[in-house]
Amino acid sequence: MNELSVSIEINGTVFERRIEPRLLLSDFVRHEAGLTGTHVGCEHGVCGACTVQVDGVAVVSCLMLAVQASGCAVRTVEALAGREGGLHPLQAAFHEAHALQCGFCTPGFLMSLEPLLRAGALPADDDTIREALAGVLCRCTGYQNIVSAVRRALDEVGGSVVLDEPAASP
């Protein structure tokens with residue numbers, strides 16, 4: 001198979017590689033960039049564990065080819081911490097509200113919710129929060145603590161979100 005050249009910015013670092021056209025973005029992130037916070041679960045786009053942000057939009061990376069992300073800015077869960085290395089408000093809220101058990105799905109939740117939180121698009125009513133969570137499946141929880149964590153993060157940022165820019169990956 002003919003390889004293609006790609007240039008993908010991930011968490012502020014540009015990765016230039018020659019890859020097979022069929023390489024998934026999830027595999028590029030994990031194997032070419034070495035960022036293993038993006039988890040691969042179902043590989044069919046159903047579980048949402050592999051969610052990353054491409055140009056600020058949450059996408060299921062197991063359904064996107066890496067060549068489609070060439071020239072784009074990709075952000076993974078590793079980029080959520082601020083420049084000082086502290087936890088992002090969502091990460092802190094997940095910790096404080098006991099919103100994770102095994103943690104496999106947590107990166108997908110965080111990367112799906114963060115753009116909505118940043119845009120102020122998440123009112124704190126449970127139905128809206130549950131709808132925003134619908135793209136990621138968790139087998140360990142009943143979702144109530146996850147909903148509580150999102151409410152906690154919304155309360156912390158006070159409805160108007162001005163968060164630090166993500167730290168660049170080493």
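The values are calculated or read from the model by the stated rules, or taken from the named source; none is laboratory data. Worth saying up front: this structure is predicted, and the values here are computed from it rather than measured. A quick note on method: Cβ atoms are made from the backbone with ideal geometry, for glycine too, and the neighbour counts reach across all protein chains shown.
Within the span defined as the range 71-88, one or more residues are touching a residue at least 60 places away in the same chain (Cβ under 8 Å), assigned to a helix (DSSP H, G or I) and on the phi < 0 side of the Ramachandran plot. Residues of the range 80-135 being within 19 Å of Asp55 (Cβ to Cβ), aliphatic (A, V, I, L, M) and in contact with a helix residue (DSSP H, G or I) (Cβ under 9 Å, 6 or more places away or on another chain), which ones? Scanning the range 80-135 gives Leu80, Leu110, Met111, Leu113, Leu116, Leu117, Ala121. For the range 16-48, a residue qualifies if it is assigned to a loop (DSSP other than H, G, I, E, B), in contact with a Leu (Cβ under 8 Å, 6 or more places away or on another chain) and aliphatic (A, V, I, L, M), and the qualifying residues are Leu23, Val46.
The rows are residues; the columns are (1) at pLDDT below 95; (2) assigned to a helix (DSSP H, G or I); (3) under 30 Å from Ser7 (Cβ atoms).
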site	(1), (2), (3)
Ala92	yes, yes, no
Leu116	yes, yes, yes
Ile129	yes, yes, no
Thr141	yes, no, no
Asn145	yes, yes, no
Ala149	yes, yes, no
